[in-house]
Amino acid sequence: MPSSTSPDQGDDLETCILRFSDLDLKDMSLINPSSSLKVELDGSTKKKYSFAKKKAFALFVKTKEVPTKRSFECKEKLWKCCQQLFTDQTSIHRHVATQHADEIYHQTASILKQLAVTLSTSKSLSSADEKNPLKECLPHSHDVSAWLPDISCFNPDELISGQDSEEGEVLLYYCYRDLEDPQWICAWQTALCQHLHLTGKIRIAAEGINGTVGGSKLATRLYVEVMLSFPLFKDYLCKDDFKTSKGGAHCFPELRVGVFEEIVPMGISPKKISYKKPGIHLSPGEFHKEVEKFLSQANQEQSDTILLDCRNFYESKIGRFQGCLAPDIRKFSYFPSYVDKNLELFREKRVLMYCTGGIRCERGSAYLKAKGVCKEVFQLKGGIHKYLEEFPDGFYKGKLFVFDERYALSYNSDVVSECSYCGARWDQYRLCSTPPCRQLVLTCPACQGQGFTACCVTCQDKGSRKVSGPMQDSFKEECECTARRPRIPRELLQHVRQPVSPEPGPDADEDGPVLV
């Protein structure tokens, strides 16, 4: 029985309509109208023709149906056509197919014309949507409250409970997607997080959104649901894009949401290096196999593959992939200069890039590709976060640095760093004890007990002096830790960098954005 099911919306109607616009639909000289009509179509539009013909056939048969006296008592149907009475579907279908091909042909053409009108209207609306999607999908008032979840069915304590303990959760995510009104998104995100009692840091730009927020598991679940249903993000985000870890609202001192030029500051305008031209994404499983192949090579320094950590040195110091090249840079905005200064290192190489959650690799790989020297550029989809979920005892050793007050997440028992004072195995960061200094320091309990709590001798001396008033501002740059480190290092050989000096605190750039 012919079906009147609507056409597959995934196919393109436009090609079908363009082809039929050139046909004379009133031409009766066609020897076999159905075959001639169908031959005009290419493969992608034959489905539309098939749908239209089936619908035309079904409609024609429907017009030949006649009521019976017993129609209210049973499902018996009769059809009358060409002064003949048909008592079953097979016979009426055979009759229509052989005797009324011309009528079916013209009915098919009529249905296709109707589809053309529908597409034209749809395209006009789509054009308006593309120009300003917010105007079509948001209320005329643009009231952010219209896009906040209904929490009236929950006990207020449910949203707050667990946010200050291990029962809470921290989300890490990003979404590259062109936004026409970042300021509205900023206002909405602020209201949304406050509504759900979330703290954290969110960066918004015309190129998308990058955030990490913490709160109760109920609050983070509602946040994800809202993001996945929001018109501007629902086609770009999926549940797997949100990385989760134990934590809560206590992991962040406050909520900070802001609008910037880049959602992860590489220091180059998105108009020059776009997220739309990144490296090839590899799943954790695919990346694992590539690293395994790389590490199995006898002479890795002569390999045509480079395993590149594009994080900061204080991140890679406490955890990294075996055999990686970990640049001794302090912030991601130095990465382009690092690439430029070491361009020959990447010539004709297959580069496997990774970072915490994947966001730095999006534009970092785009920058490296734009240089035109690499054989291939790959990046770990979902970053180390997703890799460790699948391979906690894989090729990544040590802790995963995060940009909140936890400092690091542990997935395995490996310790790859040491105390800055005595050299004992240690990987738990703390801030320098001198208040104006924001350096991170690795100092073991034994050394802490001896008073070694600052990042260097200079800061240790400053800490013993009483600091007050405007002098505090000048102390931050007096520290010898950054002064002795080259801003952009030049690599001589491919090997893992292991900085020995104390580590500066996180800057405003990485996967978990710090807003300054």
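The values are calculated or read from the model by the stated rules, or taken from the named source; none is laboratory data. These numbers were taken from a predicted model, which means no experiment stands behind them. Glycine also receives a Cβ, built like all others from the backbone with ideal geometry; neighbour counts cover every protein chain displayed. Surface accessibility is based on the protein's heavy atoms, side chains included, excluding ligands, DNA and RNA. Shrake-Rupley method; radii C 1.70, N 1.55, O 1.52, S 1.80 Å.
Amide H contacts for I488 (H built 1.01 Å from N in the peptide plane; partners 5 or more residues away or on another chain; cut-off under 5 Å): none found. Please work out, to two decimal places, the log10 of the ratio I(q)/I(0) at q = 0.11, 0.17, 0.18, 0.19 Å⁻¹ from a Debye calculation in which every Cα of region 152-288 carries one identical scatterer. The Cα Debye sum returns log10 ratios of -0.42, -0.95, -1.04, -1.13. Estimated from the Cβ-Cβ distance and a Förster radius of 30 angstrom, the FRET efficiency linking T190 and I280 is about 0.25.
Taking each pair of distinct Cα atoms in region 172-237 once, what is the resulting Kirkwood hydrodynamic radius in Å? Don't skip to the end; give the middle numbers.
Details: mean 1/r = 0.0839 Å⁻¹.
About 11.9 Å, per the Kirkwood formula over Cα pairs.
Here each label is just a point 7 Å from Cα along the line to Cβ, and for K271 and R487 those points are 2.5 nm apart. If you plug the beta carbon distance of S296 and R347 into 1/(1 + (r/R0)^6) with R0 = 25 Å, you get a FRET efficiency near 0.60.
Whenever you get a sec, compute what percent of the accessible area on region 180-290 sits on carbon and sulfur atoms (1.4 Å probe).
On the way: 2370 of 4620 Å².
Summing carbon and sulfur atoms, their accessible area is 51 percent of the total for region 180-290.
Quick check on my link table: of K234/K293; K234/K369; K243/K462; K239/K341, which ones sit more than 32 Å apart, alpha carbon to alpha carbon?
Numbers: K234/K293 37 Å; K234/K369 29 Å; K243/K462 40 Å; K239/K341 39 Å.
Exceeds cut-off: K234/K293; K243/K462; K239/K341.
Rg over Rh for region 293-392 works out to 0.93, both radii taken from alpha-carbon positions and Rh defined as the Kirkwood radius. Under 14 Å from a point 7 Å along the Cα-to-Cβ line of I151: which residues of region 220-240 have their amide N that close? What the label zone holds, given the 14 Å backbone N cut-off, is 220-226. Between G285, Q322, P231, the Cα set farthest toward the positive side of the dipole of region 226-347 (charges on each charged residue's Cβ, about the Cα centre) is that of P231. Taking the charge dipole of region 235-341 about its Cα centre, with +1 at Lys and Arg Cβ atoms and -1 at Asp and Glu Cβ atoms, the residue from L255, Q300, N312 reaching farthest to the positive side is L255. Computed with a 1.4 Å probe over protein heavy atoms only, the accessible area of R311 comes to about 0 Å². Would you work out the relative contact order for region 233-362, in percent, from Cα pairs under 8 angstrom that are 6 or more residues apart? Computed over region 233-362, the figure is 27 percent.
Rounded to 0.05, the FRET efficiency of the A97 and C238 pair, given R0 = 56 Å and the Cβ-Cβ distance, is 0.75. Of S274, S365, the residue with the largest accessible area leads and the full order is S274, S365 (1.4 Å probe).
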